[in-house]
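Input: a single structure, listed below in structure tokens.
The values are calculated or read from the model by the stated rules, or taken from the named source; none is laboratory data. In this text, all values refer to a predicted model and were calculated from it rather than measured experimentally. Note that we place each Cβ from the backbone using ideal geometry, even for glycine, and neighbour counts take in every protein chain shown. What goes into the accessible areas is simple: the full protein's heavy atoms, side chains included, and nothing from ligands, DNA or RNA. Shrake-Rupley method; radii C 1.70, N 1.55, O 1.52, S 1.80 Å.
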Amino acid sequence: MDRLSTNARFMVVSDLDHTMVDHHDPENLSLLRFNALWEDNYRHDSLLVFSTGRSPTLYKELRKEKPMLTPDITIMSVGTEITYGYSMVPDDGWVEVLNQKWDQNIVREEASKFSELKLQSETELRPHKVSFYVDKDKAQTVTKELSENLKQRGLNVKIIYSGGIDLDILPQGAGKGQALAYLLKKFKSEGKLPTNTLVCGDSGNDAELFSIPDVYGVMVSNAQEELLQWHAENAKDNPKIIHATERCAAGIIQAIGHFNLGPSTSPRDVTDFSDSELENVNPGHDVVKFYLFYERWRRAEVENCETYLASVKASYYPAGVYVHPSGVELSLNDGLNELRKSYGDKKGKQFWVWVDRVLATQIGADTWLVKFDKWESFGKEKQCSMCSVILSSKADGDSKGFTWMHMHHTWLEGFGAKDHSIWS
């Protein structure tokens, strides 16, 4: 975690299924709203952590299906695996912690004595997690008996039941809560403890997250009975934990505003950027704003088209160059003329654009190099280009924002466009 030289201003630790990701939202609107908010206001000085019960295999499948951001830290397999960054580098120290009083072979041997337990797929069998399906009415009895049997075999385990069907057996020191506690201790030892942390969940295996001292918490509106019951029995008087009225990622945004943890208006909720007041002017905002304009332009959702185009043109350096992923070079203004031709070509269709990993580096007194991934989805098709943009602060002291000096896009391997039109 060397990206931030100081402590993070804010850290979000969120479950994925039915928390960050709404499987009942076919257009993924709440997730896209969160994405824009995060890249606009938080990516540059905050940390995003995904904490999921999914194995690495199923986690990567979800990333292919949904427009998810790249987290700084990924906690998987119900808190038994911690990885860092885009490359998902494992935390070896966490592995050593979990090896204590744990033997997967004994766990499987004892569990096989219960006919009520059905072993989940091999992808869900991880070094420190064994997962089963069990009917809700039998879960409590099985959990109690199995726990006693494993204790007699010299193991120190915990059994977590969630979602009304999933039963996970982990080392006692594992779990979403313990994984977060481990990270916070690690940050503190490095002098990088986040100023504020918000945990987000919907089911029983998220309960441990809300037990960590001094964190804020949000149970999304669609939270399951098991988590709500845990809250009623253990944390109902804790003012730092709320039950949101909004579903999934929208509930996370709601909590950010409720606790005054930072900006909580997603750029996707701003219809006219020219009238919006910025709390902090940063290069990331200009990137997020431009590609939202690009999406709305192609969906024919931009009013006062000529006014917007004039505004975009005014932000371009006259001699600026745009390099398309195909290798074609043209001036920024010529690129804008190509964009003009594509107005409304995705009108009424499920066409979405989002940016990920927006990170700006100051390379001059008033100049920034901004690198990011730009994603487009159209139906089930997705394409992505790795982008580098040079931005310069506007010379006019009365003007906010930046001048776009140069743009260079390169296709991400496996996600290139079939059509190499200039603004595809």
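Structure values in brief
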| read-out | value |
| --- | --- |
| Theoretical gain in end-to-end length, LEU4 to VAL95 [0.36 nm per residue, Cα-Cα removed] | 30.3 nm |
| Extreme residue, positive dipole direction of the chain, given options TYR308, ILE106, ASN282 (C-beta unit charges) | ILE106 |
| Charge sum, other residues only, whose C-beta stays under 13 Å from MET407's C-beta, Lys/Arg counted +1 and Asp/Glu -1 | -2 |
| 23 Å Cα-Cα reach of LYS113 towards lysines, excluding residues that sit fewer than 8 places from it in its own chain | LYS101, LYS129, LYS136, LYS138, LYS144, LYS151, LYS158 |
| Set LYS349/LYS374; LYS66/LYS236; LYS289/LYS347; LYS289/LYS394; LYS289/LYS382 screened for pairs whose C-alpha atoms are more than 22 Å apart | LYS66/LYS236 |
| Diffusion coefficient, µm² s⁻¹, Stokes-Einstein with Kirkwood Rh over alpha-carbon pairs of the range 149-219 at 4 °C and 1.567 mPa s | 95 |
| Nearest 10 degrees, 0 to 90: helix 305-314 Cα axis against the chain principal axis | 90 |
| Accessible area (Å², 1.4 Å probe, nearest 10) - TYR343 | 80 |
| Cα-based helix-to-principal-axis angle, 136-152 vs the chain, degrees rounded to 10 | 70 |
| Relative contact order, percent, the chain [alpha-carbon distance under 8 Å, six or more residues apart] | 15 |
| Normalised contact order of the range 190-249, rounded percent, pairs of Cα under 8 Å and 6 or more residues apart | 34 |
| Beta bridge orientation in the chain: antiparallel %, DSSP, nearest 5 | 70 |
| Vicinal HN-Hα couplings computed from phi for the range 287-296 (Karplus, 6.51 cos²θ - 1.76 cosθ + 1.60; Hz; Gly/Pro x) | 5, 4, 4, 5, 6, 5, 4, 4, 4, 5 |
| Using alpha-carbon coordinates, inclination of helix 29-41 to the longest axis of the chain, degrees | 70 |
| Within the range 1-80, GluC sites (Glu not before Pro) in DSSP loop having at most 14 other beta-carbon neighbours inside 10 Å | GLU27 |
| Exposure of GLU381 as accessible area (Å², to 10), given a probe of 1.4 Å and all protein chains | 110 |
| Lys, Arg +1 and Asp, Glu -1 on Cβ, resulting dipole of the chain about Cα centre, debye, nearest 20 | 460 |
| Computed magnitude of the charge dipole of the range 310-405 (debye, nearest 20; Cβ of K, R +1, Cβ of D, E -1) | 400 |
| Reported label for calculated P(r) over Cα pairs in 20 Å bins from 0, in percent given (1) 25, 52, 21, 3; (2) 21, 46, 25, 6, 2, 0; (3) 29, 63, 8 | (1) |
| Net dipole in debye of the range 52-98 [+1 Lys, Arg Cβ; -1 Asp, Glu Cβ; about Cα centre; nearest 20] | 340 |
| Descending semi-axes in Å of the range 1-56, equivalent ellipsoid built from Cα gyration tensor | 23, 15, 7 |
